[in-house]
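S.K.: Here it is: the structure, laid out below.
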Amino acid sequence: MKTGLILEGGAMRGMFTAGVLDVMMENGIRFDGAIGVSAGAVFGCNYKSGQIGRVIRYNKRFCADKRYCSFGSWLKTGDLYNVDFDYRVVPRELDVFDQDAYRKNPMEFYVVATDAHTGKAVYRRLDNGDDQDILWMRASASMPLLSRMVEIDGGAYSDGGSADSVPLRYFEEIGYDRNVVLLTQPPHFRKEKNKLLWLLKIGLRNYPNLYHALAVRHLRYNETMEYIEQAEKEGRIFVIRPPEALKIGAGEKDPAELERVYQIGRKEGERCLEGVAIFLGTNTHLSFHR
């Protein structure tokens with residue numbers, strides 16, 4: 001049996017994810033592998049490095065900092081989230097990402113990006129937590145139009161959610177047969193057709209296959225939710241999701257709002273903790289941090 005953790009994206013809905021993950025780390029829940037998409041990638045990597053509390057800490061500290069995320073950064077660089085500050089200064093200097101712990105942890109960690117030329121999902125295993133790995137994490141979280149394409153080894157990549165928002169099927173295909181799926185939308189949520197497709201068509205005119213992926217994203221996402229709900233009914237997966245819509249903006253500037261969503265995640269993580277341990281067959285004495 002191989003145990004897996006699948007992390008949906010959702011920008012600052014990822015504070016819910018951070019809360020759940022911190023509770024699981026505090027209570028010794030471990031997985032053979034994890035895969036993150038977008039915010040699930042850039043926040044989920046801290047599970048492999050074992051850094052409890054890091055995600056909520058640096059986001060609360062920098063969310064209102066213009067160096068972190070601002071319209072001015074987008075106008076100057078093409079990236080709403082400033083690349084140099086967010087992917088070099090913060091993890092290497094201001095709130096250090098523990099690359100050594102990441103590398104030593106045997107848990108496999110994957111991210112999903114979208115190939116901008118083909119519009120198809122690319123699944124990348126990241127073993128080292130080095131600059132190249134962080135580049136792939138950035139690619140996974142680079143929202144179309146709000147971020148530049150990320151160039152890696154001659155290719156161009158964009159947000160992983162454009163092609164595969166919740167990569168459960170991929171993890172099953174590579175042998176993970178006991179999976180916990182962590183969503184950032186409430187029960188029975190379904191996506192609607194993107195109302196800004198006209199703008200995306202203009203902005204992505206040089207990437208027609210990426211545009212097509214975004215045009216049908218709602219259909220693909222909703223079909224995946226049907227698959228997840230059926231797998232949950234059959235007992236093949238364990239799903240953790242917020243009990244109701246989190247109602248937080250993608251570029252939220254209020255630390256109190258980040259804390260609110262993080263605490264919802266912690267509460268849901270504590271509620272599900274025993275069920276997750278039983279599902280995974282984890283032999284551990286759970287110590288609930290309430």
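S.K.: Please report the carbon-and-sulfur percent of the accessible area for the chain; probe 1.4 Å, protein heavy atoms only, DNA, RNA and ligands left out. Walk me through the intermediate numbers first.
M.R.: On the way: 6730 of 13060 Å².
Here it works out to 52 percent.
S.K.: Once phi is turned into θ = phi - 60°, what whole-Hz ³J(HN,Hα) does the Karplus curve with 6.51, -1.76 and 1.60 give for every residue of segment 12-24, x standing for Gly and Pro?
M.R.: Once rounded to whole Hz, the list reads 6, 5, x, 5, 4, 4, 4, x, 4, 5, 4, 4, 5.
S.K.: For the chain, compute the orientation-averaged projected area of the C-alpha convex hull (one quarter of its surface), in nm². Write out the running numbers ahead of the final one.
M.R.: On the way: hull surface 56.4 nm².
For the Cα atoms of the chain, the hull's average projected area reads 14.1 nm².
S.K.: Need one number for segment 133-237: average projected area of the convex hull over its C-alpha atoms, nm².
M.R.: Numbers: hull surface 31.2 nm².
For the Cα atoms of segment 133-237, the hull's average projected area reads 7.8 nm².
S.K.: Right, something else. 5 Å is the cut-off here: which amide hydrogens, built 1.01 Å from N in the peptide plane, fall below it relative to Y110, excluding neighbours closer than 5 in sequence?
M.R.: Excluding prolines and chain starts, which carry no amide H, the hits are A34, I35, G36, L126.
S.K.: Which whole-Hz couplings ³J(HN,Hα) result when phi for each residue of segment 149-162 is put into the Karplus expression 6.51 cos²θ - 1.76 cosθ + 1.60, θ = phi - 60°, listed in order with x for Gly and Pro?
M.R.: Taking θ as phi minus 60°, the curve returns 5, 9, 8, 9, 6, x, x, 10, 10, 9, 3, x, x, 4 Hz for segment 149-162.
S.K.: Something else about it: Could you pull out every residue, at least 5 positions away or on a different chain, whose amide H is within less than 5 Å of the one on K191? Hs are placed 1.01 Å off N in the peptide plane, and Pro or chain starts have none.
M.R.: N222
S.K.: Go from 0 up to the bin containing the longest alpha carbon distance in segment 238-287, width 10 Å each, and give me the % of pairs per bin.
M.R.: 22, 41, 24, 12, 0
S.K.: For segment 85-98, take each phi angle, set θ = phi - 60°, evaluate the Karplus expression 6.51 cos²θ - 1.76 cosθ + 1.60, and give the result in whole Hz per residue in order, putting x for glycine and proline.
M.R.: Working through the residues one at a time gives 5, 6, 10, 10, 5, 5, x, 9, 10, 8, 9, 5, 6, 7 Hz.
S.K.: Now for a different question. Of K104/K191; K191/K253; K233/K267; K48/K195; K120/K193; K2/K104, which ones are farther than 28 Å apart at the Cα?
M.R.: Values: K104/K191 38 Å; K191/K253 25 Å; K233/K267 23 Å; K48/K195 36 Å; K120/K193 19 Å; K2/K104 19 Å.
Exceeds cut-off: K104/K191; K48/K195.
S.K.: Related question: Taking the Cβ of T224 as the centre, find all other residues whose Cβ is under 9 Å away and add up their charges (Lys, Arg: +1; Asp, Glu: -1). Walk me through the numbers on the way to the answer.
M.R.: Details: positive: R169, R220; negative: D164, E223, E226.
Value of the local net charge: -1.
S.K.: Enumerate the amide H contacts of S142 below 5 Å, restricted to partners 5 or more residues apart or on another chain; note that Pro and chain-start residues carry no placed amide H.
M.R.: Answer set, sorted by chain and number: D159, G160.
S.K.: Could you report the chain's accessible area per residue, 1.4 Å probe, as an integer in Å²? Don't jump to the answer; show the numbers that get you there.
M.R.: Values: 13060 Å² over 290 residues.
I get 45 Å² per residue for the chain.
S.K.: Given the Cα-Cα distance of Y123 and K195 and 0.36 nm per residue of separation, how much length would full extension add, in nm? Present the calculation step by step, with values, prior to reporting the outcome.
M.R.: On the way: separation 72, 0.36 × 72 = 25.92 nm, distance 2.78 nm.
Extra length available between Y123 and K195 comes to 23.1 nm.
S.K.: A follow-up question, please. What's the Kirkwood radius of segment 69-195 in Å, using all Cα pairs?
M.R.: Details: mean 1/r = 0.0617 Å⁻¹.
Computed over segment 69-195, the radius equals 16.2 Å.
The values are calculated or read from the model by the stated rules, or taken from the named source; none is laboratory data. As the structure is a prediction and not an experimental result, all values here were calculated from the model. So basically every Cβ, Gly included, is an ideal-geometry build from the backbone, and we count neighbours across all protein chains shown. The protein model used for the area step is the full one, side chains on, heavy atoms only, and it has no ligands, DNA or RNA in it. Shrake-Rupley method; radii C 1.70, N 1.55, O 1.52, S 1.80 Å.
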